[in-house]
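The values are calculated or read from the model by the stated rules, or taken from the named source; none is laboratory data. All figures in this text were calculated on a predicted structure; none of them were measured in a lab. Every residue, glycine among them, receives a Cβ derived from its backbone with ideal geometry; neighbour counts consider all protein chains shown. Areas reflect the complete protein model, heavy atoms only, side chains present, ligands, DNA and RNA absent. Shrake-Rupley method; radii C 1.70, N 1.55, O 1.52, S 1.80 Å.
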Amino acid sequence: MKRPWRRWQRTTRERELDEEIRVHLDMETEKNRRAGMSEEEARAAARRTLGSVALIKDEVRDSWGSRFWDSLRGDVRIGLRGLRRSPGFTAIVILTMALGIGTNSAIFSVVYGVLLRPLPYASGDRLMRIKQAAPAAGVDDLGLSALELADYRAQTRTFDGIAEYHSMWFNLFGRGEPMRVQTGVVSANFFDVLGVRPILGRTFAPGEDVHGSQPLIILSYGFWQRALGADPKIIGQTFEMNDKPHVVIGVLPPIPLYPQENDVFMPTSACPFRSSERGETYRRMRMSLAFGKLAAGATLDEAQAELAGIAARMRAAHPADYTDKPSLTAAAVPVKAELTQTGRTRLLFLLAVAGFVLLIVCANVANLTLARGMRRKQEMAVRAALGAGRLRLVRQLLTEGLILALCGGVVGLLAATWGRDLLVQFAGRFSPRAQEIQIDQAVAVFTLVVSLGTGLVFAAVPALPSPKDLASAIRDDGSHAVVGRGRLRSMLVVVQVAFSFVLLIGAGLMLRSLMRLEDLDPGFHVEHVLTMRLDLDWSKHRGPGKEATAGQVAAYGRLLERVRTVAGVADAAVATSFPLSTVDPFSSQYQIEGQAPASAELRPRADQLVASPTFFAIVGVPIISGRTFGVADTLDSPGVLVVNQSLARHHFGTTDPVGRRVSFDRGETWSTIVGVVGDARLHALDVPVGDTIYWPLAQQGSLSASLLVRTDGDPASLTRDVRAAVRAVDPRQPVANVRTFDEVRAGSLASPRTTAMLLGLFAMLALVVTAAGIGGVIALTVSQRTREIAVRMALGAKRADVVAMVLRQGLGLVLAGLVVGAGAALALGRLMASLLFDIAPTDPITYVSVALLVVVVAALACFAPARRAAGIDPMVMLRA
């Protein structure tokens, strides 16, 4: 509606201006007529007195304030006409810029969503994680016990509130099949400190985490949608968990939840472990995390000092629970940093890589613009001769550059939107904030800024005409300009090659690192094994003592017996964890008989797994010495355990540890080492093997475990039959996280593989753009040197000599770029050293291979214009 109104308004103003000028002209004419002039003389004198009507109109229009927009519209129309006359140039530039800008927009959306976006919590910048550590024991995150949490709450002045959290798996009943749900166990003030308000119902009220309170649960948004069909009447409904009815009181909003995603939340009073006597009164039962919100006016430094003081007072007040040495420390860490620490280096590295791609694209666009500017010298010269000033010409070129850049930005933004799901999946391995990745206003603004900067600096500036260029375009053939512009184009090619070489080195190092990971012997076999997670019914099997352990062992025994009867199943086992599982084994301190530590805090730590006897054979971990578990290892027999080679090497050297004893309760009870097995990578392929202790299931029991099934054929094909066998033993037994061992291993490689894929994609894109730039520059050079080439051939130069001359010119630029890029690649290698596995950042094989690849691709790009140059007919060219 505005544009027709403005047009009508402008037409009216123009008509009024014409009328006003006519009135003034008539008045002056009448005045001259009274002075005795004839009609024609009076009109001519009036016009001379009034001056240039066009100039008057321009001055009046300037006073309207619309001259700039009129001029801009004119520049845009002229620019669009010029770009339409060069469709090939326009399409190539838009596509090239779309690739560079789209790549940066996509990676920026990840960086902004994960690293920069404000936390979706009230006062998120003041949320702090409270961490206890024991530096003397090499433990940087001890967790906190209920008694320690109480001390911090009672003594703090710099925090408005301190909340408690830990997460466990429970079985939920009441809606169809039993469900295995990850449950956040929290204090009543958890959501108040976090600043989260539910979309349905309410959160926990003060006092609802006190022992004996009614069991309540709050649902996460994802679980409510996925498992309960987004039932709007869910508030007040009851589910069974841990043999107790739990009432749903709220549904949380769709935001990432700190410190991890959970299906449901319950108060600490409803957790059978946290609310037990040991959980309430044992100071060293550290099973919780703690975080708080800084009080108004409090600083991080003040909070750090206060927490250190509280930790010191706890050590002094409870010497039996802490070492005499000041090894227990406490510190505050911003929650935002905690949420992003795992993937920060990788994401910033990818953003830097995307920046390199954009620089390569800009250099290529600058070269294309320079080549087009060579063809437009005559046009610019004619415009200058007709009165267009240098500023006017520059403005026109800038307008065309901005049009191209904005078009490229729009296409790039669409491409970034298309690739969002892949980026969310990639970032989800580093941070729970991955779902916050959006192509939103912030990304759009970033894309606009990048587009404008690209258009202004790299697309238009290289083509700015100088007065000397314009004058030479009229006086002669412009050869003076050709030399200067040729040097600039060559320099841009060198820059492109250098940046491409850097990216290709990074991609090559990541690819070599990935190959090393894939070829790594993990210490186990992955063929024909199906895994699934089981959690026994807590209401039936929880509790301390032999009776509960015997019940757990018997339950797993029935499951294994039934699963082994399934056709196609070779054997089965259960274990609390397994190699490369997403469930990390628990870790605890121990002491070896005859090797007393200097203090309790300096006792060694090891990962611990509870496993059935057939676990080692199914997983394929070899027996080095002694034996593994057998039917004689029962709940009533002496305690036994198996250790891995790493532990045996660290504590026993070359001596066989079989027969030595280990204690986990400071010497009250001892277990005997009966075997040594090979090292298996439990956490990830790129994580060094640590010390590991295996316990027999028959002596320890476990409420949570993984079922491992070795099959004769494809393990995935037996998923339904194995599920049915488990359900036949216990209809209330949920089965979750069903995966083959091949899928487990592939999942452990997903992060380095995706990083290598993205980096390789960027590098190949850069190489293609660079090759196109080299080919374009050489082709333009050949077209400018056709007379010279014709003279050389007329004087006896052979076609092979001409081809070699052109190739030398192109490869000379490439070699210069490789020299420049080598230094930058060495610097990049040092920055990405933490992302590499078993590959040095200066790996000579990678550098030589990438250099040869760049040379070969550049030679192919130069060969086509070289052949055209060799095909010149010297007689025809000389006659012309």
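What the table shows:
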{"quantity": "Segment residue 732-residue 687, length gained on full extension (0.36 nm per residue, minus Cα span)", "calculated": "12.5 nm"}
{"quantity": "Accessible area (Å², 1.4 Å probe, nearest 10) - residue 849", "calculated": "70 Å²"}
{"quantity": "Label-reachable residues, segment 119-156, where backbone N falls under 13 Å from a point 7 Å from residue 584's Cα toward its Cβ", "calculated": "139-143"}
{"quantity": "Contour minus Cα-Cα distance for residue 344 and residue 723 (0.36 nm per residue)", "calculated": "132.5 nm"}
{"quantity": "For segment 313-371 and segment 188-219, distance of Cα centres in Å", "calculated": "32 Å"}
{"quantity": "Pairwise FRET efficiency - residue 518 versus residue 833, Cβ, R0 = 22 Å, nearest 0.05", "calculated": "0.65"}
{"quantity": "Separation in nanometres of the label points that stand 7 Å from Cα toward Cβ, at residue 56 and residue 840", "calculated": "8.4 nm"}
{"quantity": "Carbon plus sulfur fraction of accessible area for segment 168-211, probe 1.4 Å, in percent", "calculated": "56 percent"}
{"quantity": "Over the chain: helical MRE at 222 nm, DSSP H runs n ≥ 4 each giving -39500 (n - 2.57), nearest 500", "calculated": "-17500 deg cm²/dmol"}
{"quantity": "Additional length obtainable on full extension of the chain from residue 155 to residue 864, 0.36 nm per residue less Cα span", "calculated": "247.4 nm"}
{"quantity": "Sparsely packed trypsin sites (Lys or Arg not before Pro) within segment 635-701, loop by DSSP, other Cβ within 10 Å at most 15", "calculated": "666"}
{"quantity": "Residues residue 182 and residue 663, FRET efficiency given R0 of 35 Å [Cβ-Cβ distance, rounded to 0.05]", "calculated": "0.60"}
{"quantity": "The chain - accessible surface per residue (Å², probe 1.4 Å)", "calculated": "45 Å²"}
{"quantity": "Under 9 Å, Cβ to Cβ, from residue 682 - net charge with Lys/Arg +1 and Asp/Glu -1", "calculated": "-1"}
{"quantity": "FRET efficiency estimate (nearest 0.05) - Cβ-Cβ, residue 855 to residue 321, R0 60 angstrom", "calculated": "0.35"}
{"quantity": "Where labels lie 7 Å past Cα in the beta-carbon direction, separation of residue 623 and residue 123 in nm", "calculated": "6.1 nm"}
{"quantity": "Computed label-point distance, nm, for sites residue 547 and residue 761 using a 7 Å Cα→Cβ extension", "calculated": "6.0 nm"}
{"quantity": "Accessible surface ranking that places the most exposed of 336, 131, 244, 546 first, with a 1.4 angstrom probe", "calculated": "546, 244, 336, 131"}
